[in-house]
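Following: one structure in structure tokens, then a few remarks.
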Amino acid sequence: MTIHIPFDNSYATLPPRFYTRQVAQPVTQPRLIAFNQALADELGIRADDPAELAAVFGGNAVPDGALPLAQVYAGHQFGGFSPQLGDGRALLLGEVLDTSGKRRDIQLKGSGQTPYSRMGDGRAWLGPVLREYLLSEAMHALHVPTTRALAAVLTGETVYREAPLPGAVLARVAASHIRVGTFQYFAARRDIDAVQALYEYTRARHFPQADSPAALLEAVIAAQAKLVAKWLSVGFIHGVMNTDNTTLSGETIDYGPAAYLDTYHPMTVYSSIDAHGRYAYDHQAHVIVWNMAQLATTLVPLMPDTDAAIAQFTEAVHAMPALIEAERLAAFRRKLGLGTEQAEDEALIADLLALMQAGQADFTNTFRALSHGNARDQFTDRAAYDAWHQRWQDRLTAEEGADARMLAANPAYIPRNHRVEEMIKAAVAGDMAPFERLMQVLSDPFTEQPGAEDLTRPPLTHEVVAQTFCGT
Ligand code: AMP
Ligand code: MG
């Protein structure tokens with residue numbers, strides 16, 4: 001093989017009860033349908049043969065230096081604890097140190113059954129693979145921390161969901177795949193040695209400056225507060241913020257039913273399995289605090305004094321809502337061109353969002369139009385908008401560089417749900433052109449691109465995507 005991936009594996013040095021070593025289940029006809037050359041370069045991957053790339057990222061060939069393994073974890077799913085989850089359809093191929101010296105995981109998703117598959121087939125179909133590919137790369141271009149997409153491979157096999165569907169594998173890259181649920185797995189078993197080992201590993205890998213479990217908790221809380229505030233600022237709804245889908249690194253992970261808002265409403269839910277709106281747009285800021293409380297619980301046994309640890313961790317968790325709100329306000333200030341902080345900003349932002357909600361304004365287009373100074377059409381109650389607009393203009397007199405700030409904070413393009421669905425339909429029919437076009441436009445979301453005006457259009461009534469599916 002001529003493919004070269006400079007593996008440098010560390011998770012495999014953790015105790016054997018952290019994972020199961022195994023290789024992917026081979027597929028019949030792997031075909032490379034997407035490859036992220038820029039990311040490959042960043043990872044030091046050298047390869048030029050698409051057939052070889054398909055063999056490696058489809059799971060048929062183990063590249064030199066890889067040490068494939070399935071990671072075990074647990075997690076609260078919609079609030080209920082599942083003591084045993086894990087990579088049921090994924091394998092960590094190994095890690096590389098990227099060109100900036102950062103350790104990154106390379107994982108295959110859809111690579112076949114593992115001991116953690118439960119009733120699942122270990123496979124993925126083309127739809128969710130391309131959805132995650134597109135959404136994660138778009139997220140990166142929006143400057144939001146996220147796992148990345150390296151490659152997508154059609155397997156040549158049929159996956160059975162409600163219907164027979166084309167099977168696919170996603171190769172994704174992450175700062176790590178350590179989840180709150182990874183800590184919970186060992187803590188729930190009272191395996192404190194393992195929690196200690198995981199703490200030391202996580203700290204060294206992500207937060208080397210954290211010198212205690214309390215410091216690690218605070219660092220993760222800070223990273224997650226930033227992340228969720230960024231989600232809110234681009235209208236993103238993760239959709240399944242279970243603790244097994246919450247990373248220690250602070251990256252967005254697992255895009256199953258993820259979606260972006262079209263019209264703004266704080267209680268928007270797309271996921272078909274989120275019947276009670278636990279993970280609705282506006283609930284995300286609360287749920288992440290709950291998830292951090294679960295992480296805190298797992299770290300208590302590492303502390304010498306339990307009562308003191310509980311008091312300290314409780315304080316850290318209770319401080320999180322204010323952190324998130326500060327990050328959210330900072331993000332929305334940028335969206336309104338405000339580089340300074342003033343007491344009135346909070347009301348200015350809240351009142352705009354209330355107007356948008358009342359008038360069912362398109363979230364992305366409204367902020368982009370505000371950046372261009374032509375947002376009036378986005379509102380139904382023009383008088384109320386005019387009054388708000390005057391307040392905003394008055395506030396802007398204290399600012400310099402507002403236009404540039406806004407154009408850099410308010411994207412023109414997001415992966416709109418109806419476009420994502422349209423892209424998946426085309427891909428299933430063998431047409432990758434819509435995928436490639438969306439990838440191209442969304443790689444530069446803050447710049448208007450000639451010929452891409454249709455991608456800014458909100459869905460027509462018959463195009464609205466009411467529900468998204470985990471689609472596993
Ligand atoms: P997720 O929906 O990604 O949060 O996955 C929840 C759990 O279900 C994880 O442990 C997955 O590995 C597992 N899982 C999801 N889909 C499959 C599948 N098709 N086969 C095996 N395990 C799966
Ligand atoms: Mg998951």
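The values are calculated or read from the model by the stated rules, or taken from the named source; none is laboratory data. On a predicted model such as this, the values are computed, not experimentally measured, just so you know. Glycine also receives a Cβ, built like all others from the backbone with ideal geometry; neighbour counts cover every protein chain displayed. Protein only, heavy atoms only, side chains kept; ligands, DNA and RNA dropped before computing areas. Shrake-Rupley method; radii C 1.70, N 1.55, O 1.52, S 1.80 Å.
How much length is gained on full extension from SER212 to ALA398, taking 0.36 nm per residue of separation minus their Cα-Cα distance?
Extending this stretch completely gives an extra 62.7 nm.
Over the chain, with the other protein chains present, what is the accessible area per residue in square angstrom, probe 1.4 angstrom?
Ligands and nucleic acids excluded, the figure is 40 Å² per residue.
Under DSSP H, which helices of the chain have Cα atoms covering 15 Å or more of the helix axis and a Kyte-Doolittle average no less than 0.0?
Both cut-offs are met by 126-141, 213-234, 284-299, 306-318, 345-358.
What is the distance, in nm, between label points placed 7 Å from the Cα along the Cα-to-Cβ direction at GLU341 and at TYR160?
Label at GLU341, label at TYR160, 5.8 nm between them.
Taking all protein chains in place and a 1.4 Å probe, what share, in percent, of the accessible surface of region 11-174 do carbon and sulfur account for?
Ligands and nucleic acids excluded, carbon and sulfur give 53 percent.
Report the dimensions of region 276-330 along its three principal axes from the alpha-carbon atoms, largest first, rounded to Å.
38, 28, 12 Å, listed from the longest principal axis down.
Measuring from the lowest to the highest alpha carbon on each principal axis, how far does region 327-472 reach, largest first, in angstroms?
If we take the Cα atoms of region 327-472, the spans are 54, 30, 29 Å.
Work out how much length HIS418 to ASP381 would gain on full extension: take 0.36 nm times their residue separation and subtract the Cα-Cα distance, in nm to one decimal.
10.6 nm
Per 5 Å bin, what is the whole-percent P(r) computed from every C-alpha pair distance within region 330-409?
Taking every Cα pair in region 330-409, the percentages come to 3, 16, 30, 29, 17, 5, 0.
Take every Cα pair under 8 Å in the chain that's 6+ residues apart, average their separations, divide by the length, and report that relative contact order as a whole percent.
Taking the mean separation of contacting Cα pairs over the length of the chain, I get 14 percent.
Out of region 383-459, which GluC sites (Glu not before Pro) are coil in DSSP terms and have no more than 16 other C-beta atoms within 10 Å?
Qualifying residues, ordered by number: GLU399, GLU400, GLU448.
In region 330-409, what percent of the accessible surface is made up of carbon and sulfur (1.4 Å probe, ligands and nucleic acids excluded)?
Answer for region 330-409 is 46 percent, counting heavy atoms of protein chains only.
Report, largest value first, the span of the C-alpha coordinates of the chain along each principal axis, in whole Å.
64, 60, 42
For GLU463 paired with VAL62, estimate the spin-label separation in nm (one decimal), with each label point 7 Å from Cα along the Cα-to-Cβ line.
Those two pseudo-labels are separated by 4.7 nm.
Taking only the alpha-carbon atoms of region 11-174, what semi-axes of the equivalent ellipsoid follow from 5 times the gyration tensor eigenvalues under a square root, in whole Å, largest first?
22, 20, 17
Rounded to the nearest 500, what is the 222 nm mean residue ellipticity of the chain from helices alone, with -39500 (n - 2.57) per DSSP H run of 4+ residues and division by all residues?
-12500 deg cm²/dmol
Going through region 290-375, which GluC sites (Glu not before Pro) have at most 13 other Cβ atoms within 10 Å and a DSSP loop state?
In loop regions of region 290-375 (DSSP not H, G, I, E or B), the sparsely surrounded GluC sites (Glu not before Pro) are GLU341, GLU344.
What is the P(r) of region 185-261, as percent of Cα-Cα pairs per 5 Å bin from 0?
3, 14, 20, 22, 17, 12, 8, 3, 0
Using DSSP loop states and a limit of at most 13 other Cβ atoms within 10 Å to flag trypsin sites (Lys or Arg not before Pro), what is the longest stretch of the chain containing no flagged site?
191-472
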